[in-house]
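**Student:** Have a look at this one before I ask anything.
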Amino acid sequence: MKSKKNNLLVLAIITLAMLMININNADSKVIQKSKTITIELNSMQCDMCVEKVTDAINSVEGVEKVSVDLDKKSAIVTYNTDLTNKKAIVKAITLAGYDANKSPADKEAYDNLNPCCKKP
Ligand SMILES: [Cu+2]
């Protein structure tokens with residue numbers, strides 16, 4: 001009779017351990033809320049544009065990593081999906097005066113760009 005009790009205890013401990021592993025896994029899923037996207041930046045002309053676009057993207061709360069490529073005319077952006085989204089990032093870029101994906105630049109911001117940053 002005693003060994004049966006012990007078996008039950010062992011089973012209870014194993015079950016508890018498995019539960020804790022599951023809880024830990026759930027936790028790590030909560031932490032991993034990063035998403036990486038590519039945004040087309042077809043109106044960029046020079047290094048100054050790269051700087052401005054990089055600053056604009058970085059100004060969005062929740063953005064974790066930005067890499068703007070002038071040759072490829074695109075940006076790779078990693079952000080926390082709890083804090084921001086693609087739409088907000090695209091909006092920040094257009095408000096800085098640049099086209100982003102299919103969204104055109106804010107006209108006033110574009111007009112205020114340095115002449116070398118305007119489309120030829
Ligand atoms: Cu420029």
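Every read-out reported here was derived from the displayed coordinates using simple, explicitly stated rules and does not represent laboratory data. It should be emphasised that the depicted structure is a prediction, and the values quoted were computed from it without experimental measurement. Virtual Cβ from ideal backbone geometry, glycine too; neighbours counted across all protein chains shown.
**Student:** What does the extension gain come out to for K118 and T78, with contour length at 0.36 nm per residue minus their alpha carbon separation?
**Tutor:** Working it through step by step, the gained length comes to 11.7 nm.
**Student:** Under the definition of Cα pairs under 8 Å and six or more residues apart, what whole-number percent is the relative contact order of segment 34-117?
**Tutor:** That works out to 33 percent.
**Student:** Separate question: If I model a spin label as a point 7 Å beyond the Cα along the Cα-Cβ vector, how far apart are those points for L9 and K87 in nm?
**Tutor:** In this crude label model, L9 to K87 measures out at 5.8 nm.
**Student:** Under a point spin-label approximation (7 Å from Cα along Cα-to-Cβ), what is the L95-K33 distance to one decimal in nm?
**Tutor:** With each label point 7 Å from Cα toward Cβ, the separation is 2.1 nm.
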